[in-house]
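Written below as structure tokens is the structure these notes are about.
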Amino acid sequence: FRIGWRDPDTLKRLVGRGGLFEAREMQTYEGDVDPVRRWLTDNPVQVQRPRRGYLDLESDSRVSFQKKFEARMLCWSVIDHDTGETTSMLLEEDTDEAEARLLLALWTALERFDQVIAWAGDWFDFPYLVERSSRRRLSVDPRRWLWLDHMILFRRMNTTSSESGEEKQSMSLDAV
């Protein structure tokens, strides 16, 4: 049998030295347990909720959306999920140096979060942010964050819950 334990005290009481399994001469195989899971079981560790930040970016609409990576970033806003605190910044002037400062300030603001959530983030915000940062030669590793597109999550969880189906034809925030 393969058994999964949720409570470390129960695990120790049953499988540990002098436990029920040993008393009944039941063979256990620790090799079946993932080393990380074993360490988490043996130590008083509690996994914390991720720190979440909601992100919104705005880019220059004078550039065709077909060339979205060419458009300069104009502003950004980040909201802390836990505190509701909003941090934002506007482009000071229409120069590469000013955009680099804007991007760097955004990456700095994101440092306190584990997850970054955006509406249509996979489609626009996340690739746009990475590309614009690369063009400004900013050395940032986006793999440090978990990126979540809230629109995809909303669609997955809500499109079948509408009465006629017409209510959720558009995924724009105004329509949702």
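Summarise the accessible area of segment 60-131 (1.4 Å probe, protein heavy atoms) by the percent that is carbon and sulfur.
So the carbon and sulfur contribution to the accessible surface is 53 percent.
P(r) of segment 48-120 in 10 Å steps, Cα pairs, percent per bin?
The calculated distribution, bin by bin, is 19, 46, 28, 7, 0.
Under the 0.36 nm per residue contour assumption, what length would be gained going from the current alpha-carbon distance of residue 143 and residue 77 to full extension? Intermediate results must be reported in sequence, preceding the final value.
Numbers: separation 66, 0.36 × 66 = 23.76 nm, distance 2.04 nm.
Stretched out fully, the residue 143 to residue 77 stretch lengthens by 21.7 nm.
To one decimal place, what Kirkwood hydrodynamic radius in Å is obtained for segment 6-85 from all pairs of distinct Cα atoms? Before the final figure, lay out the partial values.
On the way: mean 1/r = 0.0558 Å⁻¹.
Radius from the Kirkwood sum: 17.9 Å.
Which angle between 0 and 90 degrees, to the nearest 10, do you get for helix 96-110 versus the longest principal axis of the chain when only C-alpha atoms count?
Its long axis makes an angle of about 30 degrees.
With +1 on each Lys and Arg Cβ and -1 on each Asp and Glu Cβ, how big is the dipole of the chain about its Cα centre, in debye rounded to the nearest 20? Walk me through the numbers on the way to the answer.
Numbers: 26 positive and 32 negative charges, 152 e Å.
That gives a dipole near 740 debye.
So which chymotrypsin sites (Phe, Trp or Tyr not before Pro) in segment 1-77 are both in a DSSP loop and have at most 12 other Cβ atoms within 10 Å of their Cβ? Don't jump to the answer; show the numbers that get you there.
Working: sites: 1, 5, 21, 29, 39, 54, 65, 69, 76; in loops: 1, 5, 29.
Filter output for segment 1-77: 1, 29.
With viscosity set to 1.002 mPa s and temperature to 20 °C, compute the Stokes-Einstein D of the chain, Rh being the Kirkwood radius across alpha carbon pairs; µm²/s, no decimals. Before the final figure, lay out the partial values.
Values: Rh = 20.2 Å.
Estimated via Stokes-Einstein, D reaches 106 µm²/s.
Just to verify a number: what accessible area does residue 134 come out at with the full protein assembly present, 1.4 Å probe, Å² rounded to tens?
Ignoring ligands and nucleic acids, residue 134 comes out at about 70 Å².
When DSSP assigns beta bridges and you keep just the ones with both residues in segment 1-159, what percent turn out antiparallel, to the nearest 5?
Antiparallel bridges make up about 65 percent of those DSSP assigns within segment 1-159.
Long-range amide H contacts for residue 59: which residues qualify at under 5 Å (H placed 1.01 Å from N, peptide plane, sequence gap of 5 or more or a different chain)?
The list, which skips near neighbours in sequence, is 74.
Return the FRET efficiency for the residue pair residue 156, residue 39: r is the Cβ-Cβ distance, R0 is 30 Å, and the value is rounded to the nearest 0.05.
0.35
Suppose a student asked you for the relative contact order of the chain, using Cα pairs under 8 Å spaced at least 6 residues apart; what percent would you report? If you can, show how the numbers build up before the last one.
Numbers: 186 pairs, mean separation 27.8, N = 176.
This gives 16 percent for the chain.
The values are calculated or read from the model by the stated rules, or taken from the named source; none is laboratory data. Remember, predicted model here, so these are calculated numbers, not experimental data. Glycine gets a Cβ as well: all are built from the backbone with ideal geometry, and neighbour counts include every protein chain shown. All accessible areas refer to the heavy atoms of the entire protein, side chains included, with ligands and DNA or RNA removed. Shrake-Rupley method; radii C 1.70, N 1.55, O 1.52, S 1.80 Å.
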